[in-house]
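Presented below is the structure to which this report refers.
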Amino acid sequence: MRLNLLKAIKNTHRNPVSKILHLIGLSFYVIGFILIIGYYFNNPNISSPIYGIVLFPIAVGLFLIGHKKEGNLRAMTIIVIMKYLKSKLVLIFPRQKR
């Protein structure tokens, strides 16, 4: 199974509402990551990583809503990546015939 990740992303993100939800979700993801990393690197402006931790499920929720709007929940990035990794593992470890 040959997978072109960029082509898969383009094919599963066609709806403008879905694109906007993904853009907002991705922004929340990045901000959450920055808040958590900043806290652990002792940034004096960040007193708690809780805001970053809360932003992650909100981002995932926005991604889910976007994919629900598209009608392709099974095309979420994590699922596509897992399918890709599974295809690579099958090439490395082929199934034994019994």
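The values are calculated or read from the model by the stated rules, or taken from the named source; none is laboratory data. Note that the structure is predicted; figures quoted are calculated from it, not measured. Heads up, the Cβs are rebuilt from the backbone with ideal geometry, glycines too, and the neighbour counts pull from every protein chain shown. Accessible surface is based on the protein model in full, side chains and every heavy atom, while ligands, DNA and RNA are left aside. Shrake-Rupley method; radii C 1.70, N 1.55, O 1.52, S 1.80 Å.
Details
- Subset of segment 1-55 [within 30 Å of residue 89 (Cα to Cα), modelled with pLDDT under 90 and of a type in the set (A, V, I, L, M, F, W, C)]: 1, 3, 5, 6, 8, 9
- For residue 38, the conditions (1) open to solvent by less than 80 Å² (accessible area, probe 1.4 Å); (2) touching a residue at least 40 places away in the same chain (Cβ under 8 Å); (3) not aliphatic (A, V, I, L, M) all hold with the exception of (2).
- Residue in segment 90-98 that is modelled with pLDDT of 90 or more and of a type outside the set (A, V, I, L, M, F, W, C) present: no
- Only residues that are among the basic types (Lys, Arg) and farther than 18 Å from residue 18 by Cα were counted across segment 30-88, and they come to 3.
- Close pairs from segment 6-19: first farther than 13 Å from residue 72 by Cα and touching a residue at least 12 places away in the same chain (Cβ under 8 Å), partner open to solvent by 30 Å² or more (accessible area, probe 1.4 Å) and outside any loop (DSSP other than H, G, I, E, B), Cβ under 6 Å, at least 6 apart: 17/69
- Residue match in segment 56-72 (condition: loosely packed, with under 12 Cβ neighbours inside 10 Å and either under 30 Å from residue 92 (Cα atoms) or of a type in the set (Phe, Trp, Tyr) (or both)): no
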